[in-house]
Amino acid sequence: MLEKIIDTVSDFALNAGVKLLISLIILIVGFKLIKLITKKIKNPKNAKHTDPSVKSFFVSFVNIALKIVLIITVAAYLGVPMASMITVLGSAGVAVGLALQGGLSNIAGGIMILLFRPFSVGDYIDCGSSSGTVNSIGMFHTILVTADGVRIIMPNSVLTSSTVVNYSIEKIRRLDLEFRAAYGANADTVKSLLLDAAASSALIMKDPTPKADMLESNIVYTKYRLRVWCDRDDYFDIQPYLIESVKSRFDEAGVSVVSK
């Protein structure tokens, strides 16, 4: 009797061990295949006509979905009853859903971003608390990269529930700069110098035409505003150029600049 028990236990352990070993191999190979599949999807050559925003979200979705299928497949191979597994998954899904309402709202937010397209990968956006260039849009979060190379991970639900300013959606942008000239400076001379500075750059558009206005005047200074239009990609280069160019012309003309 003892020998039969030992043989039974040995056979069970051997079979279980083989199954566990095969399951482990399936998991390892499966995770490597999933990694390979997502890498193939990310490859620009395989998605030339796919929007980068859709692609990043799709990659995130496929990665999670395939891992869930892999785990269910391994569990079924180990002999876990599918009916029981479905029941457990359903119960767990409800519990996890209640516990992770924020995560579900982030998924919904990601879907809304892809449907309504307030921004896309490559756009420069500002959502109040953070700003940067959109690097990727995932199932749960969107990654922004700031101008100084800092990576910001924003939950999708935050982006869909707050005001988002998209600086890249329009092809051209207007730049407004204000300058304070000494009270005694001739207004026509100052405005002429401002317009001359605007005309000196090929990056500034001639149509719409640059415009210089007087905004305010008191006994200390007169405030002027220079408005120019440019391509969105040149916006941040033109601003320092104009400030330097105006300062140089004011110095040559003897116009004193009044600081705040």
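Modelled this way, with points 7 Å down the Cα-to-C-beta line, the labels at ASN166 and MET112 are 1.5 nm from one another. Loop-located trypsin sites (Lys or Arg not before Pro) in the range 188-244 (DSSP state other than H, G, I, E, B) with a sparse environment of at most 14 neighbouring Cβ atoms within 10 Å: LYS206.
The label-point distance for LYS35 and TYR183, in a model that sets each label 7 Å from Cα toward Cβ, rounds to 7.3 nm. Listing THR163, THR73, THR222 from fewest to most neighbouring C-beta atoms within 10 Å gives THR163, THR73, THR222.
Loop only by DSSP, 14 or fewer other Cβ within 10 Å of the Cβ. Give me the GluC sites (Glu not before Pro) in the range 138-239 that pass, ordered by residue number.
Details: sites: GLU170, GLU178, GLU216; in loops: GLU170.
Hits after loop and neighbour filter: GLU170.
The magnitude of the dipole of the range 125-211, with charges of +1 and -1 set on the Cβ of Lys/Arg and Asp/Glu and taken from the Cα centre, is near 80 debye. For the pair ILE243 and ILE71, a Förster radius of 51 Å applied to the C-beta separation gives a FRET efficiency near 0.30, rounded to the nearest 0.05. Length available on full extension from VAL18 to LYS211: 0.36 nm per residue minus the Cα-Cα distance, which gives 61.5 nm. Put simply, when 113-122, 145-154, 62-71 are sorted by average Cβ atoms within 10 angstrom per residue, most first, you get 113-122, 62-71, 145-154.
Bear in mind that the values in this text are calculations on the coordinates, not laboratory data. Since we're looking at a predicted model, the values are computed, not measured. Note that we place each Cβ from the backbone using ideal geometry, even for glycine, and neighbour counts take in every protein chain shown.
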